[in-house]
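Following: one structure in structure tokens, then a few remarks.
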Amino acid sequence: MYAQMVDTGVKSLKHRSEMSADEQAFMARIDNESKIEPQDWMPDAYRKTLVRQISQHAHSEIIGMQPEGNWLTRAPTIKRKLQLAAKIQDECGHGQYLYSAAETLGVGRDQLLDQLHTGKAKYSSIFNYPTLNWADMGAVGWLVDGAAIVNQVVLQRTSYGPYSRAMIRICKEESFHQRQGYEILLTMMQKGTPAQKDMVQDAINRFWWPSLMMFGPNDDASTNSAQSLAWKIKRKSNDELRQMFIDQTVPQLEVLGCTAPDPDLQWNPETGHYDFGEIDWSEFFNVIKGNGPCNKQRLEKKVKAHENGTWVRDAAQAYATKQQAGAATKKEAS
Amino acid sequence: MSTADWPLFEVFIRSRHGLSHKHVGSVHAVDATSALENARELYTRRNEGTSIWVVPSNAISASAPEQKDALFSSPVEKIYRHPSFYKLPAEVDKM
Amino acid sequence: MTQLLTSINNDHDALNTYILRMADNGLILGQRLCEWCANAPVLEEETALMNTSLDLFGQARNWLNYAVDRDQRLQDCDAIAMLRDERSYLNLLICEQDNGHFADTMARHYLFDVWHRLTLEELCHSHDETIAAIAAKSVLEVRYHEQRSRNWVLRLGDGTQLSHERMQTAINNIWPYVAEMFDQDQLEMELMAQGIAADQTIIAKQWHDLVAQTLIEATLKTPPESYNQMGGKQGLHTESLGIMLAEMQSLYRAHPGATW
């Protein structure tokens, strides 16, 4: 999940009787599964939460290009390079779809990027981990995109129309990402040298827990989650999604012939789910706070690209303005 | 040095011949030429299009949500505009 | 089991040498464009640069596969890409030049794109059917590359004072690598006589006319004639190629015989 701990600005959930007439009508539409569209009335907190969540999601897609870009120039074959480039390009595109969706709420992309660049806006904790071998490209596709997809499939039903439509488009395009990642790992495990197999297990060891953290804190720790669920911005809780992800991932792990770095991971026939160990929440909150292994580098690189591009963006704008002025003068003269 | 982003354009794509252009989202661009290029890069990466329109977002006029009832509720009553309103004998009901 | 290759040398026949020259242009410029990943001036360009890179790698793969079909010793397209040292690479020098800033990249791109498009259009009529087929497929993509890089030469040339200066400097700096594109050695002359290779004398004239027109429109000056750098097509490169190949080939070479 690319949006974690999105602040709703709400301390406790309002009872219906405490709501204004507008709010009650709004909640009635939400209850009816009718989508909210940009010009419709919406509570301020709903609008702000959406902007936070959608932009955090967009920022994650954009920052997420970096850990994969780290291996793009070193991809071992032309086929793998084409696949990885296409995937990174999709992520950039998905960032753009999501910024578009956020902009329908009356906030400019420049403002959103500014919040990212100044550290006010967050992006998913997962992208603050380094990619240290080629198998990480597989692990990122399989585990990270896999976790994101679990969440995004559900988000296709989110209550805000433009966000829902962006998610539908994104899900359709991302279906190859996870398969691509898994296939990288499977090829290395089935046809690889011992060194390649070690790479795969090493990548899984490093990305397993951070992938589980992508779903955010436990449900009982989160008012925000409850409010977002009431508004149907979120459709399932953090813990539900995490469990879905684990249940679908463990059999895939077994097919690979690899293990998870969790001694408590085991099938529970009574619940019909996998039990798993406790997540190291101190690590999670540390990364969220900015102390992950790559927080500083990721942000610095993004800011640098933006600043280095200023003169290019300005030039394009200046050229367009001149052209329009030129066209206007020609019109007057004729 | 400017900080403002490039203007926004709405993008409409004709996915196949015979279909009408459909709104797919928006792009930032300095002018119509580059908006078409950017839309091509962003929205047709998988063969989705045979034609693209771009329109400056601020050129679109939209109906107001509070007028929704005034504008759209009346046709709901006019069921006689729909073929199913007219009951015909089974022998000629394919009409 | 096939013997593991550790490097591939340049003892290709004339036709494969020509094919590899085309392949390497795409491979090397595509690799340069990859280096822009997450560094582009605006998200829209990020998508566009990556698209172009994908096109070029796709084209390179088609050329390389043809070379392998003709000479089984080459093994497969990855072995050719990953196991040749810089002296065995046959791309034009213009393709390997550093990205620099965005004006450097776009100047390099536009000057190459015009040549690339004109050459591919000629090759569509090659007597070698496979070359004609690969060219026909590639030229559609390259026409778009040219349109896009031309627009950036215009925007930066006639944008702000700063962008104008940067684009002019970029054009001046890349200019010494232009003449090599039209320089035909004995090998190309012979293939041209057989109706296989493109005739660069015709292309040179068209190229200079088109580029001069664009530069005027972009309020830029055509640089004066100066000394030209040559040798890429014969495997004599600038220093930046070796570093780039070291990065590109590192993983493949670290695991001989591995399947990815």
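Going Cα to Cα from residue A:14, which lysines come in below 30 Å? Please leave out same-chain ones fewer than 8 positions away. Once the sequence-local lysines are set aside, what remains near residue A:14 is A:35, A:48, A:120, A:122, A:232, A:234, A:236, A:289, B:68. Of the residues C:61, C:32, C:155, the one that moves most in a GNM of chain C with alpha-carbon contacts below 10 Å is C:155.
As an equivalent ellipsoid, the stretch C:105-226 spans semi-axes of 29, 16, 10 angstrom, where each value is the square root of five times an eigenvalue of the C-alpha gyration tensor, largest first.
Placing pseudo-labels 7 Å out from each Cα toward the beta carbon at residue C:172 and residue C:202 gives an inter-label distance of 3.6 nm.
Here the relative contact order of the stretch C:1-136, from alpha carbon pairs under 8 Å that lie six or more residues apart, stands at 29 percent.
With viscosity set to 1.002 mPa s at 20 °C, what whole-number translational diffusion coefficient in µm²/s follows for the stretch C:2-254 from Stokes-Einstein and a Kirkwood radius over Cα pairs?
116
Per residue of C:156-163, other chain Cβ atoms within 10 Å of the residue Cβ number 6 on average. Highest mobility in the GNM of chain B, judged by mean-square fluctuation with C-alpha springs under 10 Å and restricted to B:65, B:75, B:83, is found for B:83.
When DSSP assigns beta bridges and you keep just the ones with both residues in the protein assembly as shown, what percent turn out antiparallel, to the nearest 5? Working shown, then result.
Values: 15 of 16 bridges.
That works out to approximately 95 percent antiparallel.
Here the relative contact order of chain C, from alpha carbon pairs under 8 Å that lie six or more residues apart, stands at 25 percent. Relative to the dominant Cα principal axis of chain C, helix C:161-174 is inclined by about 40°. Ranked by the mean number of other Cβ atoms within 10 Å of their residues, highest first, the peptides B:14-20, A:196-202 come out as A:196-202, B:14-20.
Rounded to the nearest 10 degrees, the inclination of helix B:32-43 to the longest alpha-carbon principal axis of chain B is 70 degrees.
Pairs of C-alpha atoms in the stretch A:155-260 farther apart than 22 Å represent 46 percent of all such pairs. Shown is the FRET efficiency for residue A:310 and residue C:243, computed with R0 = 30 Å from the Cβ-Cβ distance and rounded to the nearest 0.05: 0.60.
Over chain A, Cα pairs under 8 Å with separation of 6+ residues give a relative contact order of 22 percent. If you run the Gaussian network model on chain A, springs between alpha carbon atoms under 10 Å, then out of A:272, A:138, A:146 the most flexible one is A:272. Straight-line cross-link reach from residue A:330 at under 23 Å between alpha-carbon atoms covers these lysines, not counting any fewer than eight positions away in the same chain: A:322.
Residues of A:104-111, mean number of Cβ from any other protein chain within 10 Å of their own Cβ, rounded to a whole number? Could you put the intermediate results ahead of the total?
Working: counts 4, 0, 0, 0, 5, 6, 6, 3.
Counting other chains' Cβ atoms within 10 Å and averaging over A:104-111 gives 3.
What FRET efficiency would be calculated for the residue pair residue A:303, residue B:78, taking the C-beta separation as r and a Förster radius of 35 Å, to the nearest 0.05? Efficiency, from the Cβ-Cβ distance: 0.05.
In this simple spin-label approximation, residue A:271 and residue B:64 carry label points 7 Å from Cα along the Cα→Cβ vector, and these lie 5.3 nm apart. Inter-label distance, residue B:32 to residue B:86: 4.4 nm, where each label sits 7 Å from its Cα along the C-beta direction. Taking every residue in B:19-28 and counting other chain Cβ atoms within 10 Å of its Cβ, the average works out to 4.
Give the peptides A:7-19, A:68-80 in descending order of average Cβ contacts within 10 Å, highest first. Provide the component values of the computation, followed by the final result.
Values: A:7-19: 12.1, A:68-80: 20.6.
Output ranking for A:7-19, A:68-80: A:68-80, A:7-19.
What is the helix-to-structure angle for C:239-254, meaning the angle in degrees between its Cα long axis and the longest Cα principal axis of chain C, kept from 0 to 90 and rounded to the nearest 10? Here the helix axis deviates by roughly 40 degrees.
Every number in this text was worked out from the coordinates using simple rules, so none of it is lab data. Just so we're clear, the structure is a prediction, and the values are computed from it rather than from any experiment. Here Cβ is always computed from backbone atoms with ideal geometry, including for glycine, and neighbour counts include all displayed protein chains.
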